[in-house]
Amino acid sequence: MSQSPLHGIKILDLSQHAPGPFATMILGDLGAEVIHVSHPSAGGGPGYFAQVLDDPFMGIRFSSNDTLMRNKRSIFLDLKTENGREICRKLALEADAIVVEMRPGKLAKFGLDHATLSVDNPGLITCCISGYGGSGPHAQTPGHDLNYIALSGALEVMRDSRGEPLQPQNVLADYAGGGYLAVIGILAALAARAKSGQGQEIDVGMLDGALLTLADLFSAPLNGIGDVSKWRTTLGGGMPNYRCYLCADGRYIAVGALEKRFFETLLSELNLLHLMDKMEDGTSNLMVTEELAAKFAEQPQSYWLKLLEGKEVCVTPVLDMAEVGNEPQVLAREMVIERFGVRQIAPAPRFSKTPSSVRTPPPKLGSHTTQVLRELGYDDESIDRIFESGAVGAS
């Protein structure tokens, strides 16, 4: 099999939360060798309520089912100890890139900042992921996905029927604004290094990333065009041809028939073609929506899917996450795979000549500590002393 796109690239992962591990999972899928560093006391996450750890999404972190840890090796290091910092420095000097989730300036306190490390590793790329970026009045302010999307304006266009801001899962700022932006930055920096031989520091602010994700939406308000609140009458669920409807069985169906030809076909299939004349100026949106809602409420979701199957109407079921793995398109694309006894989402995108892959399972935290120390040149006696010092921990 051909080598993966990032074969031979070494990544040192000092991140712990969502965006960093997600970014390094993608880099690992693309073939990079990833060493993930955890504190010896890593586990439940200090400061969380028990109900947070009981949540399947939060509680799975760093377990054998945490697929963000696939294609990585795991070591324990305490960067507050001299030995821990020395080991981390040695790893950094062998790395092509470091991924960090710390408040700006914290790496410098450990002597592991980009300016210091790049003296001996000029090709090093340091990707620093933080909530608000490395500068500005909020640079040292703690926060989470909800805070970043609140400041980005995203919640302005995500409101419920009462006009209250919706609180979505942490996808926009953590994964899109943080994780994906970090991957893009690292890949771009690797391309630049191939030309110049020089690494650089990448400053990823999750607020910045959320704003960039909304760049198209901001084209209007930044230039004083129109009333932003009107967005909720188009793609925000205000238009009857672009929203979800409740079926008789309590399941939902998603109608995305934005273009006239798709909506006309849908109305024809529903025997509601008379509604087409009501769609031009938006004054009848509520009436059209109510008629469609009443229609879809007459039959279960399966009935409508069978009726509309093969028709160009842009209609899909709203699936539970447990159903997604059996969705025909997902099955055909083999986007849910089982590797090492763990069902997971497959790597993406797809490459015709240098495929990505899941090569190793999520490791037990710290399970590669001794192996990595030996690779750095430490003998068994030195390794024993390092363990005794508390700089590393046993898995």
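The values are calculated or read from the model by the stated rules, or taken from the named source; none is laboratory data. What you see is a predicted model; the values in this text were computed from it and never measured. Cβ: placed from backbone, ideal geometry, glycine included. Neighbour counts: every protein chain shown.
Among (1) surrounded by 17 or more Cβ atoms within 10 Å (Cβ to Cβ); (2) over 25 Å from Leu27 (Cβ atoms), which single condition is Pro165 missing?
(1)
I need the full set of residues from the stretch 237-256 which are within 28 Å of the chain's Cα centre (by Cα) and of a type in the set (A, V, I, L, M, F, W, C), in order please.
Cys244, Ile253, Ala254, Val255 - these are the residues of the stretch 237-256 that are within 28 Å of the chain's Cα centre (by Cα) and of a type in the set (A, V, I, L, M, F, W, C).
So which helices (runs of 4 or more DSSP H) are wholly in the stretch 1-112 and hold at least 2 residues that are within 29 Å of His138 (Cβ to Cβ), in the same structural domain as Ala176 (by TED's automatic domain parsing) and touching a strand residue (DSSP E or B) at 6+ places or on another chain (Cβ under 8 Å)?
So the answer is 19-29, 82-94.
Looking at (1) closer than 22 Å to Asp66 by Cα; (2) touching a residue at least 12 places away in the same chain (Cβ under 8 Å), which one does Ile386 not meet, given that it meets all the others?
(1)
Given the conditions (1) at pLDDT 95 or above; (2) touching a helix residue (DSSP H, G or I) at 6+ places or on another chain (Cβ under 7 Å), which single one is not true for Glu290?
Of (1) at pLDDT 95 or above; (2) touching a helix residue (DSSP H, G or I) at 6+ places or on another chain (Cβ under 7 Å), only one is false for Glu290: (2).
Name every residue in the stretch 63-79 that is in contact with a Gly (Cβ under 7 Å, 6 or more places away or on another chain) and aliphatic (A, V, I, L, M), in order of residue number.
Across the stretch 63-79, the qualifying residues are Ile75, Leu77.
Report the residue count in the stretch 223-264 for those that are touching a helix residue (DSSP H, G or I) at 6+ places or on another chain (Cβ under 6 Å), at pLDDT 95 or above and among the β-branched types (Val, Ile, Thr).
The total comes to 1.
For the stretch 293-310, enumerate the residues that are part of a helix (DSSP H, G or I), among the charged types (D, E, K, R) and in contact (Cβ under 8 Å) with a residue 24 or more places away in the chain.
Of everything in the stretch 293-310, just one residue is part of a helix (DSSP H, G or I), among the charged types (D, E, K, R) and in contact (Cβ under 8 Å) with a residue 24 or more places away in the chain, namely Lys295.
Could you count how many residues in the stretch 254-292 are outside any helix (DSSP H, G or I), within 18 Å of Leu235 (Cβ to Cβ) and among the β-branched types (Val, Ile, Thr)?
1
Those residues that are closer than 13 Å to Arg251 by Cβ and in contact with a Phe, Trp or Tyr (Cβ under 9 Å, 6 or more places away or on another chain), I need them from the stretch 305-314; list them, please.
Across the stretch 305-314, there are no qualifying residues.
Need a quick list: strands (runs of 3 or more DSSP E) entirely within the stretch 311-395 having at least 2 residues that are closer than 23 Å to Pro21 by Cα and of a type outside the set (A, V, I, L, M, F, W, C).
Of the strands (runs of 3 or more DSSP E) lying wholly inside the stretch 311-395, those with at least 2 residues that are closer than 23 Å to Pro21 by Cα and of a type outside the set (A, V, I, L, M, F, W, C) span 336-339, 342-345.
Only one residue in Asp55, Asp96, Asp78 is within 22 Å of Gly178 (Cβ to Cβ) and touching a residue at least 12 places away in the same chain (Cβ under 8 Å). Which one?
Asp96
Filter the stretch 12-58 down to the residues that are polar (S, T, N, Q), out of contact with any Asp or Glu (no Cβ under 8 Å at 6 or more places or on another chain) and over 12 Å from Ser74 (Cβ atoms) and list them by number.
Ser41, Gln51
Within the stretch 121-148, take every residue that is touching a strand residue (DSSP E or B) at 6+ places or on another chain (Cβ under 9 Å) and outside any loop (DSSP other than H, G, I, E, B) and give me the one that is farthest from Arg193 (Cα to Cα).
The qualifying residue farthest from Arg193 (Cα to Cα) is Tyr148.
Of all residues in the stretch 151-210, which are among the polar types (S, T, N, Q) and not in a helix (DSSP H, G or I)?
Once the filter is applied, which keeps residues that are among the polar types (S, T, N, Q) and not in a helix (DSSP H, G or I), the stretch 151-210 yields Ser161, Gln167, Gln169, Asn170, Gln198, Gln200.
Before we move on, is Lys295 basic (Lys, Arg) and surrounded by 15 or more Cβ atoms within 10 Å (Cβ to Cβ)?
Criteria met by Lys295.
Suppose we filter Gly366, Gly390, Gly377 for residues that are at positive phi and out of contact with any Ser or Thr (no Cβ under 7 Å at 6 or more places or on another chain); which single one remains?
The conditions single out Gly377.
Just one of the numbered conditions (1) buried (at least 21 other Cβ atoms within 10 Å of the Cβ); (2) under 16 Å from the mean Cα position of the chain (by Cα); (3) aliphatic (A, V, I, L, M); (4) within 21 Å of Ala346 (Cα to Cα) is not true of Val34; which one?
Going through the list (1) buried (at least 21 other Cβ atoms within 10 Å of the Cβ); (2) under 16 Å from the mean Cα position of the chain (by Cα); (3) aliphatic (A, V, I, L, M); (4) within 21 Å of Ala346 (Cα to Cα), Val34 breaks only (2).
Would you say Asp120 is within 29 Å of the chain's Cα centre (by Cα), surrounded by fewer than 21 Cβ atoms within 10 Å (Cβ to Cβ), more than 23 Å from Gly366 (Cα to Cα) and acidic (Asp, Glu)?
No; evaluated as a whole, the condition is false for this residue.
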